[in-house]
Amino acid sequence: MSVEESAAELPVADNELYQNTHEWLARQREAGPVCPVATRHGMPSYLVSGYDEARALLNDPRISKDNKGAYDLVAAKLGQDSVIPEFGRLFSQHMLNSDPPDHTRLRKLVNKAFTSRAIARLRPRIEEITESLLDEVARHDQVDLMPVFAEPLPITVICELLGVAPEDRGEFSGWSHTLLSASPDEASRSAAENMQAYLQRLVAGKRAEPGEDLLSAIVHATDEGDSLTETELVSMAFLLLVAGHETTVNLIGNATFALLRAPEQAEKLRADPSLLPGAVEEFLRFDGPINFATLRYTVEEVEAGGVTIPPGEFVHVSLVSANRDENKFPDPATLDVTRPPGGHLAFGHGIHYCVGAPLARMEAEVAIGALLKRFPKLSLAVPEEELAYRPSSLVHGLLSLPVRPNGG
């Protein structure tokens, strides 16, 4: 993931992209739905902020996600010394960083585990975990909802699905947070090396003693003749564990913050819980958990938004911006839990559409519904302007969300 973070760091003073994301992106849309930009490291690229352009380019075969090509392109543009250090490549050989046919081969191993029907069977367990976490929230007059609720719910679910031991989950979450933020190289290196060693042991353990979990199934399929390499296995484990919880952590946090700022919308959901599935779609559109989609680059000339993008150029597609495009969504800066669902790009589009979308939707529906029901007087514990977002151009989410469960 480090290559996406480094190449996507746009030249924004004072962390404006992180802390005033929607305002900054609105200005980009005004300048044009596709604009040439330069990253903080001097990398020329193109920013895609318009909905129609984003949707088209996310599914354009002339746009590649092949990891090796991305590194070669960085070296060609900035010189070999500028290529991401080796620790940034440890987990890059997975389906999100590949094109067909490799992408097809890798994705088929996990598709069945993330169908809507398969995920529906997890609902009782998700509800059980949710209630247990809310019991802890109820013990406090004031609590940070991110580490106590928004983070442990999806981490517990994905770790149980993949067969990760409970005692390992805290460390893993810390490594993930470091790798997906704009952290110093030394911190990223340490997190990457620790995570690599852990995932290698985890894969080896599943090979020696397979269980009923998804990761065991993937390792077992490999041992029966699938062509995944050891590096691909570790990369796949990394992708499923990190992507399997980071998106939902920030979906829950952003949605809760949005409802705290629009209490009339929260009351609509309390009065009619049947609105929750559609409301989750609105949360995803209104303030989604992913800003820039993972890195892409052109392999042929592409026309988009009146701009010709030559081959061999990086393309940064902002999902958050596309979902606030006034040309697609009426009054896009207003949260409306009764808005007709559909059309947002929060989970991407095309062959790389998020395989975990059904799981994220269910977790958010259960989490938000239970939170609203349990704490009808839930309120922010600090002024809104004191809240800060994670320093990441990939994930869009709060560092903390202090609340008073019973108001006050």
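Remarks
- Looking only at the stretch 324-382, residues that are among the charged types (D, E, K, R) and farther than 26 Å from MET146 by Cα come to 5 in all.
- Checking each residue in the stretch 296-318 for being touching a Ser or Thr at 6+ places or on another chain (Cβ under 9 Å) and either among the hydrophobic types (A, V, I, L, M, F, W, C) or loosely packed, with under 15 Cβ neighbours inside 10 Å (or both) picks out VAL299, GLU301, VAL302, ILE309, PRO310, PRO311, PHE314, VAL315, VAL317.
- Applying the condition of being in a helix (DSSP H, G or I), in contact with a Leu (Cβ under 9 Å, 6 or more places away or on another chain) and under 16 Å from SER45 (Cβ atoms) to the stretch 1-23 and asking which residue is modelled with the highest pLDDT yields LEU17.
- Residue match in the stretch 32-47 (condition: out of contact with any Leu (no Cβ under 7 Å at 6 or more places or on another chain), over 13 Å from HIS316 (Cβ atoms) and at pLDDT 85 or above): yes
- Of all residues in the stretch 219-246, those that are outside any helix (DSSP H, G or I) have Cβ atoms under 6 Å from Cβ atoms of residues that are β-branched (Val, Ile, Thr) and at pLDDT below 80, 6 or more apart or on another chain, in LEU228/THR222.
- The stretch 24-42: number of residues that are surrounded by 14 or more Cβ atoms within 10 Å (Cβ to Cβ) and part of a helix (DSSP H, G or I): 5
Residues are listed down the side, and each one gets a yes or a no for (1) at pLDDT 85 or above; (2) more than 24 Å from ALA192 (Cβ to Cβ); (3) not in a helix (DSSP H, G or I); (4) not small (Gly, Ala, Ser):
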position	(1), (2), (3), (4)
ALA56	yes, yes, no, no
ASP60	yes, yes, yes, yes
LYS77	no, no, no, yes
LEU96	no, no, no, yes
PRO100	yes, yes, yes, yes
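- Residue list for the stretch 79-94, restricted to those being in a helix (DSSP H, G or I) and either at pLDDT 85 or above or of a type in the set (Ser, Thr, Tyr) (or both): SER82
The values are calculated or read from the model by the stated rules, or taken from the named source; none is laboratory data. Source: prediction; values computed, not measured. Note that we place each Cβ from the backbone using ideal geometry, even for glycine, and neighbour counts take in every protein chain shown.
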